[in-house]
Amino acid sequence: MNRPTARDVAELAGVSRAAVSFVFSGRTQGSPLTGISYDSVGFAPTYLLMAATVAAFTAVSVATLRPDAKGLPESVPDVPASGRGTVPEPASL
């Protein structure tokens, strides 16, 4: 008796081979939206759509972020890592 292939499982389950492969790989922390996209448009188009989304967010970020943003303003005082005021001087020996 032959072992069932991913194609056989996909046909029986009514899903794409990419979806079966995704489940068999053990990567269960994937996005449900990605899995739905695999089933509806296929594996390669899903990644093209994700790349287009990343490119769109990058373009918006480049267009809207200020080039002179330098982090915290200079008027913010230094706060020690402990968050409890000033840091005492180390004891001298």
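If you scan segment 33-60, which residues turn out to be among the hydrophobic types (A, V, I, L, M, F, W, C) and either touching a Phe, Trp or Tyr at 6+ places or on another chain (Cβ under 7 Å) or closer than 19 Å to A13 by Cα (or both)?
Keep residues of segment 33-60 that are among the hydrophobic types (A, V, I, L, M, F, W, C), which gives 33, 36, 41, 43-44, 48-52, 54-57, 59-60.
Within segment 33-60, L33, I36, V41, F43 qualify.
If we scan segment 49-57, do we find a residue that is at pLDDT below 85 and open to solvent by 70 Å² or more (accessible area, probe 1.4 Å)? Steps first, please.
Step one: list which residues in segment 49-57 are at pLDDT below 85, which gives none.
Checked segment 49-57: no residue is at pLDDT below 85 and open to solvent by 70 Å² or more (accessible area, probe 1.4 Å).
Based on what the data block shows, is D68 modelled with pLDDT under 85, in a loop (DSSP other than H, G, I, E, B), open to solvent by 100 Å² or more (accessible area, probe 1.4 Å) and farther than 30 Å from S21 by Cβ? Break it down stepwise before answering.
Details: modelled with pLDDT under 85: yes; in a loop (DSSP other than H, G, I, E, B): yes; open to solvent by 100 Å² or more (accessible area, probe 1.4 Å): no; farther than 30 Å from S21 by Cβ: yes.
The answer is no for D68.
Select from segment 1-42 the residues that are open to solvent by 100 Å² or more (accessible area, probe 1.4 Å) and part of a loop (DSSP other than H, G, I, E, B) and write down the one among them that is modelled with the highest pLDDT.
R3
The values are calculated or read from the model by the stated rules, or taken from the named source; none is laboratory data. Predicted model, so just to flag it, every value in this text is computed and none were measured. Virtual Cβ from ideal backbone geometry, glycine too; neighbours counted across all protein chains shown. To get the accessible areas, we keep the full protein, side chains included, count just its heavy atoms, and leave off ligands, DNA and RNA. Shrake-Rupley method; radii C 1.70, N 1.55, O 1.52, S 1.80 Å.
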